[in-house]
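Notes follow the structure.
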Amino acid sequence: MTNYETLRSYQISLGLVDFAVIALDEAQKIKTPGTLITNASKALKADFKIAMTGTPVENTLVDIWCLMDFAVPGLLGNAKDFAKQYQKPLNDENTDVKALTEQLRNNIGVFIKRRLKSDVAKDLPKKHDNNNSRIKREMPFIQLNRYKQEIEMANDSELEGVEKRNQKLKSLWAVRDISDHPYLLESQILKFTTEELITSSSKLQTTVGILADIKSKNEKVIVFADRRETQKMLQKVVYDTFGIFTSIINGDTPTTKQLEGKSKLSRQQIIDRFQSEEGFNVIIMSPIAAGVGLNVTKANHIIHYTRHWNPAKEEQATDRAYRIGQQKDVFVYYPMAVFPDDMKDEEGNKLKSFDEI
C-alpha cells in the first residue's frame, strides 16, 4: 500500500514486480496523459487492474480515456483518435452531447461500474440542493461600481490581439473576486471593520444571515471559499459577529499529524476538534483541499461562498458532509451577488451577473 508520489519515485523497483491485482483509489490522480504519476501507474504489471474515483471526468472526456487506458488498455483506442471522436465534437454547439456521451458509455460497457449513494446508503437523510438554495441579493453601490469598472476594462477598445485576450481573462477572474467582495482585488480586505466589509458585499450580507439562522438551530456549517484572502475575511467576520474563532483548511494545512513541538494541526485533527465541540460551529475550507478523503458529517449545512468553475468539484466538496454517517438533512446554499432590476441589455432583458451565469 503506497501513495502516488512514492510510486512516481520508485517506479523502476515497483515496475519489476509481477502483481496479481493493482487497485488505484482516488484514481483521478492519473487523469492527465503523459504526467510522471500517470506514466508510472500505467507501467505497473498486473493480471488485473481496477481504478476507483468519485470524479472520473473533471476537465475533458480525455480524463476518462486516461483512466480506462490504465484499467483496460486499448479498449478506447489511442488518445488522439479518442479526442477526435469524442472531445472535438463538443466544440460544435450543434453536437448532441447526450447522444455522444451515451455512445461513449456503451463503448466502455461492463468495464465501468457506477455506485450511487442511494444504492448503498438507503437511510441517508435528504439533501436540499435546488433552486431555493440560490439566494440572490442585489449588489450594494460600491460592489456594483467596481464590477462595472472591470467590465469596461474588459471591453477596452484600445487593446488588440493577445493583450485584449489577456485582459478579458484577467477581468473574468476579477469579476469572480468582486462578486465575493469588492475589496478582494486590491488585497485590502483586512484594513476594514467587519461592519464595513458586510455592508459593501451582498454575498457577505447573505452569508451572515444564513449563519445566524444556522446558529439559531444550534447546528454546524462548512463554508467553501478558495482564496486565502476570502478565507481570512470570513474568519474575521465570523469571529466579530458570532464570537467563534473558525479553523481554516487549505493547501497550507498539513495532511498528516505534525511532529512534537510543531504548532500546526493536521486536517484530520482540525476536523476532529470541530466535530467534537457541541452546538453551533463554523469551519472554512478550500474546495480543492477538501477534495479527498475528509468526512465532516457533524456539519449539515454547506455554504458555497466562492463558486468553483467545475460543478463536479463543487459536488465533491458538498459530499464532505453528505455521506455515510450523516444523521441530519443536509442544506446547501449558494449566496449570489446580482445586478439591480434596471440593468438591462439592448433587448430589454435583465442582465445576469457572474454568479448567475
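The values are calculated or read from the model by the stated rules, or taken from the named source; none is laboratory data. The shown structure was predicted, so the numbers you read here are calculated from the model rather than taken from an experiment. Reconstructed Cβ throughout: ideal geometry from the backbone, glycine too, with neighbour counts over all protein chains shown. These accessible areas exclude ligands, DNA and RNA; they are computed on the full protein's heavy atoms, side chains included. Shrake-Rupley method; radii C 1.70, N 1.55, O 1.52, S 1.80 Å.
Tally up the residues in the range 166-197 that are at pLDDT below 85, in contact with a helix residue (DSSP H, G or I) (Cβ under 8 Å, 6 or more places away or on another chain) and open to solvent by less than 90 Å² (accessible area, probe 1.4 Å), please.
Qualifying residue count, the range 166-197: 3.
Kindly establish whether Glu102 is in a loop (DSSP other than H, G, I, E, B) and either farther than 19 Å from Lys313 by Cβ or among the acidic types (Asp, Glu) (or both).
So Glu102 fails the test.
Go through Lys232, Lys236, Lys215 for me and flag whichever is out of contact with any His (no Cβ under 9 Å at 6 or more places or on another chain), outside any loop (DSSP other than H, G, I, E, B) and under 20 Å from Tyr322 (Cα atoms).
It is Lys215.
Out of the range 83-133, which residues are open to solvent by 50 Å² or more (accessible area, probe 1.4 Å), in contact with a helix residue (DSSP H, G or I) (Cβ under 9 Å, 6 or more places away or on another chain) and under 15 Å from Thr60 (Cα atoms)?
If the condition is that a residue be open to solvent by 50 Å² or more (accessible area, probe 1.4 Å), in contact with a helix residue (DSSP H, G or I) (Cβ under 9 Å, 6 or more places away or on another chain) and under 15 Å from Thr60 (Cα atoms), then Gln85, Leu90, Val97, Thr101 are the ones that fit.
Please enumerate the residues belonging to the range 203-227 that are closer than 10 Å to Met285 by Cα and either open to solvent by 60 Å² or more (accessible area, probe 1.4 Å) or among the small types (Gly, Ala, Ser) (or both).
The one that is closer than 10 Å to Met285 by Cα and either open to solvent by 60 Å² or more (accessible area, probe 1.4 Å) or among the small types (Gly, Ala, Ser) (or both): Ala225.
Among the residues of the range 279-294, is any surrounded by 15 or more Cβ atoms within 10 Å (Cβ to Cβ), over 27 Å from Arg115 (Cα atoms), over 18 Å from the mean Cα position of the chain (by Cα) and free of Cβ contacts under 8 Å to residues at least 24 places away in the same chain?
No, there is no match, as no residue in the range 279-294 is surrounded by 15 or more Cβ atoms within 10 Å (Cβ to Cβ), over 27 Å from Arg115 (Cα atoms), over 18 Å from the mean Cα position of the chain (by Cα) and free of Cβ contacts under 8 Å to residues at least 24 places away in the same chain.
Within 26 Å of Leu116 (Cβ to Cβ) and without any contact (Cβ under 8 Å) to a residue 60 or more places away in the chain, is that true of Lys49?
On the way: within 26 Å of Leu116 (Cβ to Cβ): yes; without any contact (Cβ under 8 Å) to a residue 60 or more places away in the chain: yes.
Yes; evaluated as a whole, the condition is true for this residue.
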